[in-house]
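**Student:** Here you go, one structure.
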Amino acid sequence: MGIFETFLSAWTGAARRGGWLVVLAFAAATAAAGWYAYKSLDVNTDTSAMLDSSLPFQQRAADLKAAFPQIKTDLVVVARAETLDEADAFAATLADLLKAQPSTFSAVFSPASDPFFQRNGLLFLKESELDSRLTQLSKASGLIERLNASPRIGTLFDELAENDELAEKADIGPDALFKIYDELAATIDDALAGGRRPFSWMGALDTSDDPQTSGFIRLVYATPVLDYTKLQPARESLNALDDIIALVNADFGGRVETYVTGDPALRAEELRSVSSGIGLSMLISLVAVAVLLLIGFRSTTMTIVTMAALVISLVFTAAFAGATIGELNLVSVAFTVLLIGLGLDFAIHFLMHVQERLAAGEDARAAVRGATVDVGPAMALAAPTTALAFFAFVPTAFDGIAQLGVIAGVGVIIAFVVSMTFLPAAVAIAPASRARKPSGTVRRAFAALEKVAIPVSVLTVAAGVAAAFLVPQARFDADAMSLRDPDSRSVQGFNLLFEDESTTPYRLTRLVGSLDEAEDAARQAKALDAVASVRTLASFVPDDQETKLELVDLAAGSLIFAFDVDPVAAADAAAPRAGAERLRDRLNAAYGPADADGAPARLAAAVARALESEATFQASGAPGPSPLETVERNIFAFWPTLMARLEAQLDAAAFDVDGLPPALAERYKSADGRYRVDMLPADDVRDPAALAAFVGAVGALFPDLAGGASQSLAAGEAIAQAMVQATAVAFLAIAIFLLLVFRNVSVVLLVLAPLALAAVLTVAAGVLFDLPFNYANVIVLPLLIGIGVDSGVHLVMRERQDLGDKGLYDTSTPRAVLFAALTTVASFGSLMASAHRGTASMGQLLSVAIAFTLVCTLIVLPAVFRLRAGRRARRTG
């Protein structure tokens, strides 16, 4: 150690003598490094790229992506409307506008508005459902014929009054009429309130027994033209898509909820939330640590010097990252905030010792030399031990955290070098100020701690023993979606995809070489309870087409005349008021007070209100459309669309796989001739247990699976293994390093035992407060070891020095450990302000870990020192 102290003293002495020259050199180098870092660093938001690409499940994922690139490139617009007609119309309008911009969107696919599915939609119904639908349409053929000739509310109300009288004769039937009544009442009331809710003809004719209660969802897939010269290749397409959606939504009166999701949208919003979160965290962190430094140093000069050293360390580390890696991921981007906490430790320990000596009357030269001798060796040991904790992730398969490990590990070394070089020079040129002795507040707090240290230590150890039983319950959340901002539109849209079994994004996918193999795999998968359904290219070819076409042909005979009618002149159409009055009177006469809550009563009341509003409007002479005109506009808004679809469906024809539209076929058959088999879960696999059961059941049948469900589970296992491996490597490497330095097993145990206790308490706290490990906070345990070792090394080495009449708590070391820990907590804790849940969870768990480390090193470790000293005294006595 003597030789080591001599070397460090020569180093800091030379830096001190350099004074202004050293400071100016650092200023110039920092400016150059900052410019280089700005020009060379990018951010990659692809979480799948954070794991070793050679892992089998990563290779299968890459193979799937190569075969079907739209999985990663497509933007998905999720449109949800209150009525089925409006959802369909919105999707069709949006798709048409997107197709008009081929330079921005290379492909657009809207299943609901695709001509193929509109023409053959009836064939996808079950035979019983198709028969019921066609029967309903046949019964309504008279109504359809009259409305085709005269699409006016007078005609509609007149026909409904007449059909209500014939309901017992099953012309339309009471059930069908009541569904129309409900829909009409809602439309009329909304129109009278000034709304533009359209009448849902498709909803009124829907024969399903399970009506939608949360709206109707339609999807539009758009493949953006990507510009890889930009940080966000899909940014231009996303902006164009937002503008087009806003335009369409304006035409639809803002009644349709829209969400843009898909990998490009998710990554763009995640980058925005991470960037803004890191920026906010840095601001909070810098302000918080500056305030803590002012409290700790009670000196503006020392605070400014420390913050300058921090900025230099951050910029140099960013330049290193730009030169060696060039691309940050969603985890490694947090190195800036981590280094604010870690990079300050060296400066705090060094300058508090300098301040201690200045307050004792020493000049700057003696103070720098004395501080170097007192804490320089401990700082020199703390730097590599902390770096080792970061480097422990490098040999794991978790490339994302390994990147952070390399950057932060080197950053710690840079912070040490800056502290030993810049700080002595800055102290030498700093304006002379009155050396202020510590206020004694912290010392009095430590004195109080000394009195309770042993009982508190016993309680802490007991808590650690109890916490060990919770450690096996720790879990890892590998779902990348759980890290994203739940309030972002892309995440909300992604979650809406789970509302429909056919669109759930967490599925299992298998690639096979032929359509026969795909069908064979589908048959096997359908036999599993964990599988709700299977999607292959052949699954889009309906069964029993000939039988269904016979039913369509039979119904066409009665419907064809309903479409082939001549329009009635407006003057000959039924008058709106007369038709409304007839319908009101019929409903009031046919349904008494006993049916006051029924659909007929609701429609009668709505029509009565419309007639009253019409009378008031006519009496006022106000300009603009009358209430009944507004009601008519809303009722018949999508009538032409319905008629066009029904006419097209009567021309349905049998088809096979080769007849499917290319936009669909290319999603299940790759360019190289491979076929995709999608297996959809029976349960909500956002639940970890359901996910494990689903992947386990299908994986036992097919080991070569890819897809979101398989990727999520396999990634969780790989990262959990990486965390355990890195923690073990960090602990072992640091133990060996300390053993080589101290050559004393008991000293090494003194340093490491509090860390093991803090680690157990941290894991247990994560279980109790439901803070699972994830992609971002997985670095907590290795980092806890590295940071905790620093504090332990400083305390152990200070305790081994000849302190004379002073106790350990009388020195500046515990005070420096306290403020170093507080600045670290302030820095890490600022991450909790991030909207990105992964970054926020990193701040939460790191703050908990540092708090436990502080308790274990500042209370438990000194208590052990006292017990050891007492035993030595009894032996010598």
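The values are calculated or read from the model by the stated rules, or taken from the named source; none is laboratory data. From a predicted model like this one, the values you see are computed outputs, not experimental measurements. Backbone-built Cβ (ideal geometry, glycine too); neighbour counts: all protein chains shown. Surface areas here come from the heavy atoms of the whole protein model, side chains and all, with no ligands, DNA or RNA. Shrake-Rupley method; radii C 1.70, N 1.55, O 1.52, S 1.80 Å.
**Student:** Given the rule -39500 (n - 2.57) for each run of at least 4 DSSP H residues, summed and divided by the residues of the chain, what is its mean residue ellipticity at 222 nm, to the nearest 500 deg cm²/dmol?
**Tutor:** The per-residue figure over the chain is -22000 deg cm²/dmol.
**Student:** Let me check I've understood the local charge: for Phe157, count other residues with C-beta under 12 angstrom from its C-beta, Lys and Arg +1, Asp and Glu -1. What total comes out?
**Tutor:** With Lys, Arg at +1 and Asp, Glu at -1, the neighbours total -1.
**Student:** Quick one: length gained pulling Ala619 to Ser502 fully straight, 0.36 nm per residue minus the C-alpha distance?
**Tutor:** 36.7 nm
**Student:** Moving to a separate point now. Can you send over the carbon and sulfur percentage of the accessible area for the chain, probe radius 1.4 Å, protein chains only?
**Tutor:** Reported share for carbon and sulfur atoms: 58 percent.
**Student:** Right, another one. Tell me which residues come under 5 Å, amide H to amide H, from Gly195 once H is placed; ignore anything under 5 positions away on its chain.
**Tutor:** Excluding prolines and chain starts, which carry no amide H, there are no hits.
**Student:** Which one, Pro151, Met643, Ser488, projects farthest toward the positive side of the charge dipole computed for the chain from Cβ point charges (K/R +1, D/E -1)?
**Tutor:** The listed residue farthest towards the positive side: Ser488.
**Student:** Could you give the semi-axes, largest first, of the ellipsoid that matches the chain, computed as the square roots of 5 times the alpha carbon gyration tensor eigenvalues and rounded to whole Å?
**Tutor:** Taking √(5λ) for each eigenvalue gives 72, 29, 25 Å, largest first.
**Student:** Convert each backbone phi in segment 271-287 into a coupling constant with the Karplus relation 6.51 cos²θ - 1.76 cosθ + 1.60 (shift: θ = phi - 60°), then list the ³J(HN,Hα) values in order as whole Hz, x for Gly and Pro.
**Tutor:** Per-residue couplings from phi come out as 4, 5, 5, 5, 4, 5, x, 5, x, 5, 4, 4, 4, 4, 4, 5, 5 Hz.
**Student:** Which peptide among 11-21, 780-790, 379-389, 728-738 comes first, and what is the full order, when sorted by highest mean count of other Cβ atoms within 10 Å?
**Tutor:** Per-residue mean Cβ counts within 10 Å order the peptides as 780-790, 379-389, 728-738, 11-21.
**Student:** Net charge near Asp564, counting Lys/Arg +1 and Asp/Glu -1 over other residues with Cβ under 15 Å of its Cβ?
**Tutor:** -3
**Student:** When N counts the residues of segment 625-730, how does its alpha-carbon radius of gyration compare numerically with 2.2 N^0.38 Å, as a ratio?
**Tutor:** For segment 625-730, the normalised Cα radius of gyration comes out at 1.94.
**Student:** Send over a whole-number figure in Å² for the accessible area per residue of the chain, probe 1.4 Å.
**Tutor:** Using a 1.4 Å probe on heavy atoms only, each residue of the chain averages 42 Å².
**Student:** Which peptide among 609-618, 366-375, 81-90 comes first, and what is the full order, when sorted by highest mean count of other Cβ atoms within 10 Å?
**Tutor:** Those peptides, ordered most packed to least, come out 81-90, 366-375, 609-618.
**Student:** Size of the dipole of segment 664-721 about the Cα centre, Lys and Arg at +1 and Asp and Glu at -1 on the beta carbon, nothing else charged, in debye to 20?
**Tutor:** 200
**Student:** Take each of the peptides 409-419, 552-562, average the number of other beta-carbon atoms within 10 Å over its residues, and list them starting from the highest.
**Tutor:** 409-419, 552-562
**Student:** A further question on this structure: Taking 0.36 nm per intervening residue step and subtracting the Cα-Cα distance, what contour gain separates Asp770 from Ile304 on full extension?
**Tutor:** Difference between extended and current length: 163.8 nm.
**Student:** Can you give the relative contact order of segment 6-142 as a percent, counting alpha carbon pairs under 8 Å and 6+ residues apart?
**Tutor:** After rounding, I find 9 percent.
**Student:** Which whole-number percentage describes the relative contact order of the chain, with Cα contacts under 8 Å and a sequence gap of 6 or more?
**Tutor:** 25
**Student:** Say the dipole of the chain comes from +1 at the beta carbon of Lys and Arg and -1 at that of Asp and Glu; which of Asn588, Val311, Leu294 then lies farthest toward its positive end?
**Tutor:** In the chain, that residue is Leu294.
**Student:** About its Cα centre, what dipole magnitude does segment 503-561 give when the only charges are +1 on Lys and Arg Cβ and -1 on Asp and Glu Cβ, stated in debye to the nearest 20?
**Tutor:** For this selection, approximately 400 debye.
**Student:** For the chain, find the longest principal axis of its Cα atoms and tell me its angle to the long axis of helix 780-800, 0 to 90°, nearest 10.
**Tutor:** Helix 780-800 sits roughly 20 degrees off the main axis of the chain.
**Student:** Positive end of the charge dipole of the chain (Lys, Arg +1 and Asp, Glu -1 on Cβ, about the Cα centre): tell me which of Thr503, Ala726, Val22 has its Cα farthest that way.
**Tutor:** After comparing all options, I get Val22.
**Student:** On full extension of the chain, what length is gained from Ser626 through Asn239, given 0.36 nm per residue of separation minus the C-alpha to C-alpha distance?
**Tutor:** In short, 135.4 nm is gained.
**Student:** Next question, about the same structure. Only Lys, Arg, Asp and Glu count, each charged at its Cβ (+1, +1, -1, -1), so figure out the dipole size of the chain about its Cα centre, rounded to 20 debye.
**Tutor:** Magnitude of the dipole: close to 7680 debye.
**Student:** I'd like the Karplus ³J(HN,Hα) series for segment 15-29: coefficients 6.51, -1.76, 1.60, θ = phi - 60°, whole numbers in Hz, and an x wherever there's a Gly or Pro.
**Tutor:** Running phi through 6.51 cos²θ - 1.76 cosθ + 1.60 with θ = phi - 60° gives 5, 4, 5, x, x, 4, 4, 5, 5, 5, 4, 5, 4, 5, 5 Hz.
**Student:** Next question. Please determine, in degrees from 0 to 90 and to the nearest 10, the orientation of helix 861-876 with respect to the longest principal axis defined by the Cα atoms of the chain, where the helix direction is its Cα long axis.
**Tutor:** With rounding to tens, the tilt is 30 degrees.
**Student:** Quick check: net charge around Asp189, other residues with Cβ under 10 Å of its Cβ, Lys/Arg +1 and Asp/Glu -1?
**Tutor:** Once all neighbours under 10 Å are counted, the net charge is +2.
**Student:** Can you tell me the orientation of helix 174-192 relative to the chain, as the angle in degrees between its alpha-carbon axis and the longest Cα principal axis, to the nearest 10?
**Tutor:** Helix 174-192 sits at roughly 60 degrees to that axis.
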